[in-house]
1. Nearest 10 degrees, 0 to 90: what angle lies between the long axis of helix 221-233 and the longest principal axis of the chain (Cα atoms)?
2. If you line up the long axis of helix 39-53 against the longest principal axis of the chain, both from Cα atoms, how many degrees apart are they, to the nearest 10?
3. Which of these, 73, 123, 110, has the largest mean-square fluctuation under a Gaussian network model of the chain (Cα springs below 10 Å)?
4. If one takes the longest principal axis of the Cα atoms in the chain, at what angle in degrees, from 0 to 90 and to the nearest 10, does the Cα axis of helix 68-82 lie?
5. How do 124, 194 rank when sorted from fewest to most other Cβ atoms within 10 Å of their own Cβ?
6. Calculate how large, on average over all directions, the projected area of the Cα convex hull of the range 162-273 is; give the answer in nm² to one decimal.
7. Go through 196-202, 138-144 and give me the packing order, highest mean Cβ count within 10 Å leading.
8. Neighbour counts of other C-beta atoms within 10 Å: give me 102, 71 arranged from fewest to most.
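What follows draws every value from the coordinates through simple rules; no lab data is involved. No experiment lies behind these values; they were computed from the predicted model shown. A quick note on method: Cβ atoms are made from the backbone with ideal geometry, for glycine too, and the neighbour counts reach across all protein chains shown.
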Ligand SMILES: NC(=O)c1ccc[n+]([C@@H]2O[C@H](COP(=O)([O-])OP(=O)(O)OC[C@H]3O[C@@H](n4cnc5c(N)ncnc54)[C@H](O)[C@@H]3O)[C@@H](O)[C@H]2O)c1
Ligand SMILES: CCCCC/C=C\C=C\[C@H](O)C/C=C\C/C=C\CCCC(=O)O
């Protein structure tokens, strides 16, 4: 997809990877709605981006992605403000912590909801023009993570969701590509400090940073953004799961076939479009 003239929604856009994706899309001529629960940071980021790219190119909407009403209202406001929607980036996420239900709500439930809203507004079968949904998973969506079992479970869920909506069966109806990105550890505020406040936390932090150092350090946000732009540009990628690591850079998780809905989509669904 060429981004010039397109409209995107990015959740968790106030900082980190979400800010990076937003900035990159603005540079390529898109307009972007930034959604985040951090209102002060979101406003500050949006102001900075507006001064570089133009006030008419950005819109900040305070939004807790776990609140279904707030998400629905945010999507409505984007359509009212910009008049169209072409790209949804479900990026907001939190790392593992004591409240596992909250990790599940932010990292998986809200991504499912954001995907369904994106499909509602962009699907050809519902009068939309088609589009692109990129769900930000993690290498923890493909590997176990000893200090993040719930985090890993949510990211595995994001990969399964994206692969399933990214099948020919759905694309024939919607014209919406759905893909997932799986970066390894990246240099954003989500990373824990090297020095923790309790011995138990220190044990985890030491193991975490030993893993990061052993992998060649943290990815820079720009390395993840480069992969993101490749995925946006390549219209042949649907249901694709992009990996980004220090060792191999950008590549795709290989999968066998199955569960694609191809015979049904080609025999029945396609002929109705
Ligand atoms: N940094 C990494 O190592 C890494 C690696 C792989 C995947 N990821 C994933 O990338 C995504 C972005 O992470 P990041 O590293 O930029 O982290 P980050 O903490 O810098 O940014 C996350 C953003 O999400 C927002 N957010 C959190 N909960 C929210 C909610 N309920 N409603 C709205 N916004 C909310 C935060 O306010 C923040 O702005 C996450 O899904 C994360 O799991 C991160
Ligand atoms: C001590 C708490 C660490 C919290 C780390 C925070 C966020 C990291 C998020 C990334 O999405 C994780 C990315 C890749 C990790 C994948 C597998 C790790 C395997 C090794 C391990 O178990 O640590």
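1. 20 degrees
2. Long axis of 39-53 versus the principal axis of the chain: about 60 degrees.
3. Result for the chain, Cα springs under 10 Å: 73 fluctuates most.
4. Between helix and principal axis, roughly 60 degrees.
5. On the way: 124 16, 194 11.
Result, fewest neighbours first: 194, 124.
6. Working: hull surface 36.4 nm².
Convex hull of Cα atoms, orientation-averaged projection: 9.1 nm².
7. Working: 196-202: 10.9, 138-144: 19.9.
Listed from highest to lowest mean packing, they are 138-144, 196-202.
8. Working: 102 13, 71 22.
Ranked by crowding around the Cβ, least crowded first: 102, 71.
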